[in-house]
Amino acid sequence: MTFEILDHDLHGRIGRIYTRHGVVETPALAPVINPLKSPFPLEYFEKYFKVDLVITNAYIIWRNYGWKALEKGGIHGLLGISRPIMTDSGAYQILEYGYIDVDPDFIVNYQKLIGSDIGVILDIPSGVRETKYSVKWSVKETIRREVRASLLYMEEDKERMLLVAPIQGGVNLDLIRISARSAARLNFDIYALGSPTQIMENYDFETLVDMMAVARANIPISKPMHLFGAGHPIMLSLAVALGYDLFDSASYILYARNERYILPEGTLRVSEIRREFPCECPVCSSIDIETFNNLPKEERISKIAQHNLYIILREIRLIREAIREGTLMRLLELRSKAHPYLYRALVKLRKYVKLLERSDPITKPSIHGIFIFDVNSTYVNPKIVRYREWIKKRFFSERPYALLLPAPKIRPYHSDKKVREIIRILKNGGVYPRNVDVLFYSKIFYLVPLELCEMYPLSQFEEGFIKIEGENLMEIIKYIIKFIKKRSYKRVVILQSEDWPLKFFKELERRGVMIVTREDIKRIYQYMT
Ligand SMILES: [Zn+2]
């Protein structure tokens, strides 16, 4: 076994990848190392950043060291790093320069010979602005190379290099699907979504969600998934929630070169920081802004790069802890407010709720309640969506009448004073519990049977501002009507509430539901016999 899943929340997982130089705990971010121009000494990666995994480029190593890399003790000797090392094959250079002068079989073999722990086959990245014809070709050629690599390098050897198969297709979801399915059949150790870098640079997170979801849905759950080039903390939780386990990024250097200072919720220009660094990482807490501004440029870049990496790695730890605690959705919603396009991406997750709960077949009751900020939270949180589906299909009752009450603010609902009064009236009238299903109508859960209102998460949530109108209102109406029809009640009575639009009641009345008001409550049992 090369990958083991220990815990999960949404489609995010805590996992372990076993390599020949040790275990990588996932989700993990591998900082990109260029041995020729690192902004700080390479020993820092193990000594201070304590990363499980780094990534370097085998093509650059080959161009600059050739076979001498072997004399230097392979990739670990060359970089002076004892932890697992992943190598990329040069596909990124193809994206940059259009071509590289190395044979695809050779570069995989070279990665193996220099002792890489995780190697990547040399795929053909699909550029975002390419025609569909040329993207099709890149997918086809990548598949051909994957078939070859699987025959040549996937030996039954426990000590072998793990091999990554990239998935291509650009923004064409049909091609991503084909690419993923073909690669999945070859049983690689790790899969990767290739070349979304341009999409991320444009902050097109909605398209990224589509690409990530389609690729992930077509790769078995048991396989770890890598996202190439994703290194800004604002979007890592989104990718993890969709089932991505590994990331690599040069962003800490690239941002630093432009003197851009990464924060969990965005980026600042260092020149905009006037008085103090808003950070307590070892770098920022050891220097004041004035001293920093007087440093030579190279030293400033080195310090920002270190700060950036601290922030990115801290986000990864935060994500791992959120998975353990079952609060990944909360972190995801928090980060989605970092940029309007990220919020759009969060809303887009509605389309992929089934995927979000794929790793999580049974809802993990969490000690933390659900936070529901607005109506969009109710569509993307699988714990809510799953409950709605479950109750619609599984709630079983043979009682001939149903009484729908507005969900009170007090929880559990049955402890509300007005609810208890209504139950007393029903009991005195001799219709409860024998004749009538008491259900609460809710903007979040739609329908909650009285008997189940203590079940997780029906009482364990906090709501912000949930406004129901238009399409959303129609969805609840349709849901309730479907629920009623399936159970062939003799009569369904609903108690009107001022918190809901009049249209809600009118539409239900039109479909045969009887409307009552607070004044009718005293003799409500009359309608239940
Ligand atoms: Zn800092």
I want the antiparallel fraction of DSSP beta bridges within the chain, as a percent rounded to 5. 30
Helical contribution to [θ] at 222 nm, DSSP H n ≥ 4, -39,500 (n - 2.57), averaged over the chain, rounded to 500: -12000 deg cm²/dmol
For the chain, calculate the relative contact order in percent as a whole number, restricting contacts to Cα pairs under 8 Å that are 6 or more residues apart. 13
Where a label projected 7 Å from the Cα of residue 113 along Cα→Cβ would reach, residues of region 70-84 with amide N under 18 Å: 70-79
The FRET efficiency for residue 137 and residue 409, from their Cβ-Cβ distance with R0 = 41 Å and rounded to 0.05, is 0.10
Cys residues of the chain counted as unpaired, since no other Cys beta-carbon is under 4.7 Å: 281, 453
Provide the packing ranking of 402-409, 502-509, i.e. peptides ordered by the mean count of other C-beta atoms within 10 Å per residue, highest first. 402-409, 502-509
Would you kindly work out the equivalent ellipsoid of the chain from its C-alpha gyration tensor and give its semi-axes, the square roots of five times the eigenvalues, largest first in whole Å? 53, 26, 19
Name the residue from 85, 412, 307 whose Cα lies farthest towards the positive end of the charge dipole of the chain, charges +1 on Cβ of Lys and Arg and -1 on Cβ of Asp and Glu. 412
What whole number of Å gives the distance from the Cα centroid of region 271-295 to the Cα centroid of region 207-255? 31
Considering only DSSP beta bridges whose two residues both sit in region 370-528, what percent are antiparallel, to the nearest 5? 20
List the pairs from 351/490; 223/443; 140/393; 418/486; 50/136 whose alpha-carbon separation is above 32 Å, in the order I gave them. 351/490; 223/443; 140/393; 50/136
Farthest toward positive dipole pole in the chain [+1 Lys/Arg, -1 Asp/Glu at C-beta], among 377, 295, 271: 377
Kirkwood-based Rg over Rh for region 370-528 (C-alpha set), two decimals? 0.93
Could you give the size of the charge dipole of the chain about its Cα centre, using +1 on the Cβ of each K and R and -1 on the Cβ of each D and E, expressed in debye and rounded to the nearest 20? 2640
Taking 0.36 nm per residue of sequence separation and subtracting the Cα-Cα distance, how much length would be gained by fully extending the chain between residue 478 and residue 529, in nm to one decimal? 15.7 nm
What order do you get for 238-248, 219-229 when each peptide is scored by the mean count of other beta carbon atoms within 10 Å, highest first? 238-248, 219-229
FRET efficiency, 1/(1 + (r/R0)^6) with R0 35 Å, evaluated for residue 46 and residue 290 via beta carbons: 0.65
Extending each Cα 7 Å along its Cβ direction at residue 185 and residue 455, get the distance between those two points in nm, one decimal. 4.2
If you filter region 79-176 for chymotrypsin sites (Phe, Trp or Tyr not before Pro), then keep DSSP loop positions with at most 10 other Cβ within 10 Å, what is left? 99
Stretchable slack from residue 174 to residue 20, in nm (0.36 nm times residue separation minus alpha-carbon distance): 51.8 nm
At what distance in angstrom do the alpha carbon centres of region 73-137 and region 302-324 lie from each other? 26
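Values quoted throughout were computed directly from the atomic coordinates according to the rules given, and no laboratory measurement underlies them. It should be emphasised that the depicted structure is a prediction, and the values quoted were computed from it without experimental measurement. Heads up, the Cβs are rebuilt from the backbone with ideal geometry, glycines too, and the neighbour counts pull from every protein chain shown.
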